[in-house]
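Derivation of every value follows stated rules applied to the coordinates shown; laboratory data play no part. Everything numeric here is computed off the predicted structure, so don't read it as measured data. Positions of Cβ are generated from backbone atoms using ideal geometry, with glycine treated the same way; all protein chains shown enter the neighbour counts.
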Amino acid sequence: MSKKLNIGLVGFGCVGSGLYDVLNRSNLIDAKIKRIVVQDPKKERSIDQSYFSFDINDILNDPEINVVVELINDSASAFEIVSQALKKGKDVVTANKKMLAEYQAELIPLAKENKVSLLYEGAVAGSIPIIRNLEEYYNNDSLTSVEGILNGTTNYILTQSNSGIGYEEALKSAQELGFAEADPTLDVDGFDSKYKLVLLLKHAFGITVAPKEILNVGIRGISEKEVAYAGEKGYRIKLLSRAEKIGDQVVSFVAPHCISDQHSAYNVHNEFNAVVVEALFSDKQLFYGKGAGSHPTGSAVLSDVSALKFDYQYEYRKAQSNGGLKYTTDAFIKVYIGSKYVNAIEEVAFYSVEETFQSAAYSFQVGWVKLEVLFDLNLNARKDLSLLVLPDSIQTEKGLSELIEKNLFIYENQN
Ligand code: HSE
């Protein structure tokens, strides 16, 4: 017999109220929200005031509440609440990607020790069921790459910019629609995409990587010059989160990419997300859906709540059987770097250069750069440099020298 779920909900913002709606409109599951804990007693709420409390202990110390759904912004407070709930033997569902990425090494063992579930489908790519698919469906297939658009806000801004809508206006609209984080820097500088990528790395490749070890470059450096460059080559610019297996290592980063119409994410617009999974036997598969918003994310949270009825838990099987895969930043990426200032481009230590353009108003260079060089440039803080990653763009040093040699050979034989 499936168990009855009594939910203590923490947070009643965009996703919390979305969960309330989807739960009420779904007749499928035997679950009810018993208590909602929020911070601000003065704020007007859209539902009966009797649900609300302002003391987290009203959830943590209520023995009838067996599920805590955590949907607040602050990752440190969320960590405290989730840790206490797990220790008290309550199952937890959360969509807090920042908390999960920062504290996965503490939280996953804590859930295991206390024999409870910690589920977070809503934390990655909103409504797309990617975590459970990585856990269950791809259990026996060796994954070679996972990449995608994991942030609705930036994809919305980039899509709007193609229709001539400016950055500030598009961001404001994404905030009004409830897509953006409370601190939108997390979206536009690629942090949110990176937190989600950290979770994909765990479930796809079984590796634990701290967020600070992964490069994230956001979209604030993209000017009309980059949009024009991409357009001339027939590309679209998308903020991609990537994880690629090369031998027994995994290379992973977040950056704006030029993608061609051959890429599965080429037609993914606005707040939609896409995840492309490539595996040895099943080959390439695309998951597509709304990556942000009240009801789409609420539906993913509801799906986790419903899975608790049969005591579903992640098993992290890839972490036990990944053949010793290791995360590495020792790789080369093919990039475009543009600037109003030639000197700024000259500062970038390219490994090899394939194209250079210089004019009084704007310059750019295309070539291969070591991932670590991009880390050191601290591109989110630079107003004088813009980065785009080009297609087919990750190589090891060995792979890159073979590629350069091969290209030289072709070039020499053509001339
Ligand atoms: N700010 C996030 C986004 C919300 O724009 O994708 C969903 O995680």
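For a quick check of your reading of the filter: which trypsin sites (Lys or Arg not before Pro) in the stretch 7-81 sit in a DSSP loop and have no more than 14 other Cβ atoms within 10 Å?
Numbers: sites: R25, K32, K34, R35, K42, K43, R45; in loops: K42, K43, R45.
Here the trypsin sites (Lys or Arg not before Pro) that fit, given the DSSP loop and packing criteria, are K42, K43, R45.
With θ set to phi - 60° and the Karplus curve 6.51 cos²θ - 1.76 cosθ + 1.60, what are the ³J(HN,Hα) couplings of the stretch 242-252 in order, to the nearest whole Hz, using x for Gly and Pro?
Computed from phi, the couplings for the stretch 242-252 are 10, 9, 10, 8, 10, x, 9, 10, 10, 9, 8 Hz.
Report the chymotrypsin sites (Phe, Trp or Tyr not before Pro) located in the stretch 311-366 that are in a DSSP loop and have at most 11 other Cβ atoms inside 10 Å of their Cβ, or state none. Mind dumping the intermediate values first?
Values: sites: Y312, Y314, Y316, Y327, F332, Y336, Y341, F350, Y351, F357, Y362, F364; in loops: Y312, Y314, Y316, Y341, Y362.
For chymotrypsin sites (Phe, Trp or Tyr not before Pro) across the stretch 311-366 that sit outside H, G, I, E and B with at most 11 neighbouring Cβ atoms in 10 Å, the list is empty.
If the only charges are +1 at each Lys and Arg Cβ and -1 at each Asp and Glu Cβ, what is the size of the charge dipole of the stretch 242-298 around the Cα centre, to the nearest 20 debye?
Values: 4 positive and 6 negative charges, 26 e Å.
Dipole size: approximately 120 debye.
So, in Å, what gap is there between the alpha-carbon centers of the stretch 24-45 and the stretch 98-177?
23 Å
Only loop residues by DSSP count here, and only those with at most 14 other Cβ atoms within 10 Å; note down the trypsin sites (Lys or Arg not before Pro) in the stretch 347-400 that meet that.
Details: sites: K370, R382, K383, K398; in loops: R382, K383.
Taking the stretch 347-400 and a limit of 14 other Cβ atoms within 10 Å, the loop trypsin sites (Lys or Arg not before Pro) found are K383.
Between the alpha-carbon centers of the stretch 182-249 and the stretch 255-332, tell me the distance in whole angstrom.
Going from one Cα centre to the other spans 13 Å.
Say the dipole of the chain comes from +1 at the beta carbon of Lys and Arg and -1 at that of Asp and Glu; which of L158, Q262, S282 then lies farthest toward its positive end?
S282
For the stretch 43-118, just say rounded, prolate or oblate: build the C-alpha gyration tensor, square-root its eigenvalues into a ≥ b ≥ c, call rounded for a/c under 1.5, and beyond that prolate if a/b exceeds b/c, oblate if not.
Values: a/c = 2.46, a/b = 1.44, b/c = 1.71.
Here the stretch 43-118 falls in the oblate category.
What is the dipole size for the stretch 98-173, taken about its Cα centre, with +1 at each Lys and Arg Cβ and -1 at each Asp and Glu Cβ, in debye to the nearest 20?
140 debye
Report the local net charge at F332: Lys and Arg +1, Asp and Glu -1, summed over other residues whose C-beta lies under 13 Å from its C-beta. Don't skip to the end; give the middle numbers.
Values: positive: K334, K370, K398; negative: E244, D330, E354, E372, D392, E397, E402.
Neighbourhood net charge equals -4.
Report the residues of the stretch 380-405 in range of a label on N343: point 7 Å along Cα→C-beta, backbone N strictly under 17 Å from it.
382-386
Could you give log10 I(q)/I(0) at q = 0.09, 0.10, 0.11, 0.13 Å⁻¹ for the stretch 150-262, computed by the Debye formula over C-alpha point scatterers of equal weight, without solvent?
With no solvent term, the Cα-only Debye profile gives -0.26, -0.32, -0.38, -0.52.
Work out, step by step, the length gained on full extension between E355 and D248: first 0.36 nm times the residue separation, then minus their alpha carbon distance; give nm to one decimal. It would help to have the intermediate numbers written out before the result.
On the way: separation 107, 0.36 × 107 = 38.52 nm, distance 3.19 nm.
So the chain would gain 35.3 nm between E355 and D248.
Using a cut-off of 12 Å between beta-carbons, work out the net charge of the residues near K112 (Lys and Arg +1, Asp and Glu -1, K112 not included). Present the calculation step by step, with values, prior to reporting the outcome.
Details: positive: K115; negative: E106, E113, E315.
Counting the neighbours of K112, the net charge comes to -2.
Is the stretch 290-335 best put as rounded, prolate or oblate by its Cα gyration tensor, with a ≥ b ≥ c the root eigenvalues, rounded for a/c under 1.5, and otherwise prolate when a/b is larger than b/c, oblate when not? All intermediate terms of the calculation are to be shown ahead of the outcome.
On the way: a/c = 6.78, a/b = 1.48, b/c = 4.57.
It comes out oblate by the Cα gyration axes.
Please compute the modelled spin-label separation between D30 and E176, points set 7 Å along Cα→Cβ, answer in nm with one decimal.
4.5 nm
Below 9 angstrom from the Cβ of Y195, what's the summed charge of the other residues (Lys, Arg +1; Asp, Glu -1)? Write out the running numbers ahead of the final one.
Working: positive: K97, K98, K194, K196; negative: E102, D192.
Neighbourhood net charge equals +2.
Projected area of the chain, taken from the Cα convex hull and averaged over every viewing direction, in nm²?
22.0 nm²
To the nearest 20 debye, what charge dipole does the chain have about its Cα centre, counting +1 at the Cβ of each Lys and Arg and -1 at the Cβ of each Asp and Glu? Don't jump to the answer; show the numbers that get you there.
Values: 42 positive and 55 negative charges, 182 e Å.
Taking the Cα centre of the chain as origin, the dipole is about 880 debye.
Counting pairs of alpha carbon atoms under 8 Å apart in space and at least six apart in sequence, what relative contact order in percent does the stretch 245-370 give?
Here the relative contact order equals 21 percent.
Which three lengths, in whole Å and largest first, does the stretch 203-351 cover when its Cα atoms are put on their principal axes?
Answer, in whole Å and largest first: 60, 38, 30 Å.
Check which residues have an amide H placed less than 5 Å from L240's amide H, if you skip close sequence neighbours.
A255, H257
I need to check one value: relative contact order of the chain, counting alpha carbon pairs closer than 8 Å and at least 6 residues apart, in percent. Show your work: numbers first, answer last.
Details: 859 pairs, mean separation 73.9, N = 415.
Reported as a whole number, the value is 18 percent.
Ranking request for peptides 301-307, 157-163, 187-193: highest mean number of other beta-carbon atoms within 10 Å first, then the rest in descending order.
Details: 301-307: 21.9, 157-163: 18.1, 187-193: 26.4.
Going from most to least packed, we get 187-193, 301-307, 157-163.
Normalised by the number of residues in the stretch 126-215, what is the relative contact order in percent for Cα pairs under 8 Å and 6+ residues apart?
Details: 58 pairs, mean separation 26.6, N = 90.
Reported as a whole number, the value is 30 percent.
Let a ≥ b ≥ c be the square roots of the eigenvalues of the Cα gyration tensor of the stretch 357-398; is it rounded (a/c under 1.5), or, if not, prolate (a/b larger than b/c) or oblate? Can you show the working numbers first?
Numbers: a/c = 2.49, a/b = 1.39, b/c = 1.79.
Note, shape of the stretch 357-398 comes out oblate.
Filter K196/K340; K196/K284; K284/K326; K172/K383 down to the pairs with a C-alpha to C-alpha distance above 30 Å, please. Before the final figure, lay out the partial values.
Numbers: K196/K340 33 Å; K196/K284 20 Å; K284/K326 23 Å; K172/K383 21 Å.
Violating the 30 Å Cα-Cα cut-off are K196/K340.
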